[in-house]
Each structure stands twice: as structure tokens, then as C-alpha cells.
Amino acid sequence: MTVDRKVTERRENEPVFPDLSLIVAADADGIEAAAHRLRAGGLIGLPTETVYGLAGSAHHADAISRIFSTKGRPADHPLIVHIAAAGQLSDWCRDIPQYAQNLADQLWPGPLTLVLPKQPHVSASLTGGQDTVGIRVPAHPVAQAILATAGPVAAPSANRFGRISPTTAHAVAAELATYLEPGDMILDGGDCAVGIESTIVDCTDERPRILRSGFYGDDVIAQSAGLPLATADGKPTPRVSGSLTAHYAPRTPLHLHSAESLKQRPASRLLGTWILAPADVDCDVADAAETMIRPASSEEYARILYTTLRAADDAGAREILAVPPQGNGIAVAIRDRLQRAAAGSGPDPATDVPT
Ligand code: TXA
Ligand code: MG
């Protein structure tokens, strides 16, 4: 990837100086302290391979209620329960179809969440009052170590409701430092390798249905499940906050473009903008923009997407212009996140190109 940054002016009243003292290295001592905090009913920022989670013990009612208040999340939005291994699935779920077991066996640990009917003991506060529960086995070694020592955790993405998911410990601090309590901590497990949230698959019907796109695309899910996916059938969609139209939004206006529509922008309207475009897209407007970010693959695009949107906010960028990646798999999820992130910005006034 190439990054060409010409000017990085900071808007005077918009600096982000989060309290970094909450960040703890994820070495043996840090992991032990964080596990201790979870067992005591506290919260931690937890690195996973997708994005950072805000984790609390899945068995601790106070911890679960604090997750909602810390995020500012409505109580009817369900949480994902993170478990150490696929073998624990039946502790939380019942009526597990063979195709869901196939998905668990083949793609866990990894960036996949399965929605299944819940066991009767699973608290309605975890499931947002629904009869189903979302379950995931994360692959990140720090998350694995925490789950092995502290037991299952409920962990939504560690951002305030409606904001961009954090992919670094610093971004978790920027989102939540002022909302966490003394004793809570953020484990620093480095930058997230995937960079966008897990693929969510509804496994409550005869066929798997994708509720949220992610690292694994339709092909991999259908192949691993051993069944074709369910098509849209008018069935009511369960509450998935990531499916709200205006979600994952940066503060900086974001407009989506093709390489051609970008060229229609007058050069004067490119000053101060950040352009995010795949490296293989021909982008000859580069000279006028402030910062050019050119990921070399869709995987890299996903990895840097949220950090780029945050960096543009922090730098006081005037506008972000993004050319979405083409193709299947993770590119579908990137287009989905970009469309939601751009939804609040409306059409691009400089080109009249609908977003
Ligand atoms: O990659 C991820 O999935 C990250 C990491 C931390 O694991 N977690 C994450 O959690 O993105 P969250 O809460 O930000 O998004 C999970 C989504 C929510 O939109 C929630 O509504 C949906 O999963 N979800 C959870 N349980 C569900 C259920 N029983 N039925 C339908 N949707 C569910
Ligand atoms: Mg989220």
C-alpha cells in the first residue's frame, strides 16, 4: 500500500487525546490482570482478529448491563458470546443443525458468528430478549488466552453505539476511556488482522442465511456449510445493529466514487480531501488531494478501512472520497461498510453523483 500525505492539519478544537493509561500490554501479566478483572465483573478492551471487543463475563449480570451503558447501546440489541472452542457450542445453543456444526468445525476459531436457538439458561439481557444467541470462537491468541482463563465473555465491538469499530488499542481508548470505570483496562494485542467485523450467519432455519457480511463471503459459507444459502424470503430480520443504514460513521463527510466519477470533481474541490482507492484503480486526480491511501488488495483495504476513517477524523480532513473495491468475498463486506459509513453524508455536492 502507498500512503501519500501532504498536509496533516489538525482542527484546533478537535484533537483526540484519549487516556492511554488504561492500555496494558497483552503479556502474561496483562492477560492475568485482565482475566482477574473479568472474573470480578469488570470490563476489558479485548483484541480479536476482526476488531476490538468490549468484553465482560457472560455469566455476570452487572458486567452485561455495564457493556450496554458503556457503549450507549439500546438494551434490545443482542451481544455476541465468545467461547474458547466449538465443543462449548451446545452449552449455549440447542437444535444445532448439521450445517451449523459444519461451519463451526471448519471455520472456528475465526471471523464467524453463528446465530442459533439459545439454551433456556441464557440470559435475555445477552440476547436482547430474542430466543436466539450469537456465538463466536475468536482466533486471536490473546482472546484465546483470556477465554481459557476467564471463561466465556460477551463482547460487542468496543465503540460507542453507531460509531466505527476500533481496530487498535489506542482507538478503543479514544472511544471508551471516559466511560470505563477504575480497574477496567484495554489489552493491547496489536492491530487487528482482518479489520472489519465477523460474518454473521443465521442458523435457525433449514438453510444458512448471512445477516452481516464479513471476512468469509457467500461462497465460503455455503461450501463449509455443505448447503446453498437461503435467499431473501421476506422473513423479518433479527435486530442486528450492524444492519442499521447509518452505522459505522466517521464524523468527516464520506462520499463514494468510481474512478470515473472522481475525475468529474473540480480540482479545487479536491483540496483537503483524503482519497481511499484500490492501488489498481487509475486515479489521476491524486495531485490535488491532501492524502492518498492505496491498499494493494481487498484484504489490506479491510485492514486499514476503519483506521483510515479515524485518522481522517483526527486530522480534521475536509472530506473522504472512497473508491470501493470490486469483487466477491471480503470486498462485499467492505462495500457494505462503506455504504453505511457514507449514508449520513448524503449525495456528493461537488459532482452530483448519487452515493
Ligand atoms: O467481529 C465481531 O463480530 C466483533 C468482535 C468483537 O467479536 N463483535 C461485534 O459485535 O461486531 P457487535 O455487538 O458490535 O455486533 C454484533 C452484531 C450486532 O449487530 C448484534 O445485533 C448481532 O451481532 N447479533 C448478536 N446476537 C444476535 C442474535 N441472537 N440474532 C441476531 N443478531 C445478533
Ligand atoms: Mg458493533
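Do we have any residue at all in segment 148-157 that's in contact with a Pro (Cβ under 9 Å, 6 or more places away or on another chain), more than 14 Å from ARG73 (Cα to Cα) and open to solvent by less than 10 Å² (accessible area, probe 1.4 Å)?
The answer is no, given that none of the residues of segment 148-157 is in contact with a Pro (Cβ under 9 Å, 6 or more places away or on another chain), more than 14 Å from ARG73 (Cα to Cα) and open to solvent by less than 10 Å² (accessible area, probe 1.4 Å).
Filter segment 59-70 down to the residues that are within 13 Å of ligand 1 (Cβ to nearest atom) and open to solvent by 10 Å² or more (accessible area, probe 1.4 Å) and list them by number.
From segment 59-70, those within 13 Å of ligand 1 (Cβ to nearest atom) are 64, 67-68, 70; that's our starting set.
Hit for segment 59-70 is PHE68, nothing else.
Restricted to segment 212-236, and to residues that are polar (S, T, N, Q) and away from ligand 2 (no atom under 16 Å from the Cβ), which residue is modelled with the lowest pLDDT? Before the answer, list the steps.
Pass one, segment 212-236, residues polar (S, T, N, Q): 213, 223-224, 231.
Checking which are away from ligand 2 (no atom under 16 Å from the Cβ) leaves us with 223-224, 231.
Details: GLN223: 98, SER224: 98, THR231: 78.
Applying the filter and picking the extreme gives THR231.
Considering each of GLY72, GLY53 in turn, give the residue that is touching a Phe, Trp or Tyr at 6+ places or on another chain (Cβ under 6 Å) and within 13 Å of ligand 2 (Cβ to nearest atom).
Checking each option against the conditions leaves just GLY72.
Of the residues ASP284, ASP314, which single one is open to solvent by 30 Å² or more (accessible area, probe 1.4 Å) and outside any helix (DSSP H, G or I)? Lay out the reasoning, then the answer.
On the way: ASP314 fails: outside any helix (DSSP H, G or I).
Criteria check complete, one pass: ASP284.
Go through segment 155-177 and report how many residues are more than 10 Å from ligand 2 (Cβ to nearest atom) and among the hydroxyl-bearing types (Ser, Thr, Tyr).
2
Got at least one residue in segment 172-189 being within 12 Å of ligand 1 (Cβ to nearest atom) and under 27 Å from ILE221 (Cβ atoms)?
yes
Of THR113, THR168, THR132, which residue is at pLDDT 95 or above, open to solvent by less than 40 Å² (accessible area, probe 1.4 Å) and under 21 Å from ASP27 (Cβ atoms)?
Details: THR113 fails: under 21 Å from ASP27 (Cβ atoms); THR132 fails: under 21 Å from ASP27 (Cβ atoms).
The conditions single out THR168.
Can you name the condition, by its number, that ARG209 falls short on among (1) surrounded by fewer than 18 Cβ atoms within 10 Å (Cβ to Cβ); (2) at pLDDT 95 or above; (3) within 11 Å of ligand 1 (Cβ to nearest atom)?
Of the numbered conditions (1) surrounded by fewer than 18 Cβ atoms within 10 Å (Cβ to Cβ); (2) at pLDDT 95 or above; (3) within 11 Å of ligand 1 (Cβ to nearest atom), the odd one out for ARG209 is (1).
Identify all residues within segment 96-129 that are in contact (Cβ under 8 Å) with a residue 60 or more places away in the chain and touching a strand residue (DSSP E or B) at 6+ places or on another chain (Cβ under 8 Å); write none if there are none.
Across segment 96-129, the qualifying residues are ILE96, ALA100, LEU103, PRO111, LEU112, THR113, LEU114, VAL115, LEU116, PRO117, LEU126.
The values are calculated or read from the model by the stated rules, or taken from the named source; none is laboratory data. Bear in mind the structure is a predicted one, so any value in this text is a computation, not a measurement. Cβ sites come from the backbone with ideal geometry, for glycine too, and all protein chains shown count toward neighbours. Remember, those area values only see protein heavy atoms, side chains included, never the ligands or the DNA or RNA. Shrake-Rupley method; radii C 1.70, N 1.55, O 1.52, S 1.80 Å.
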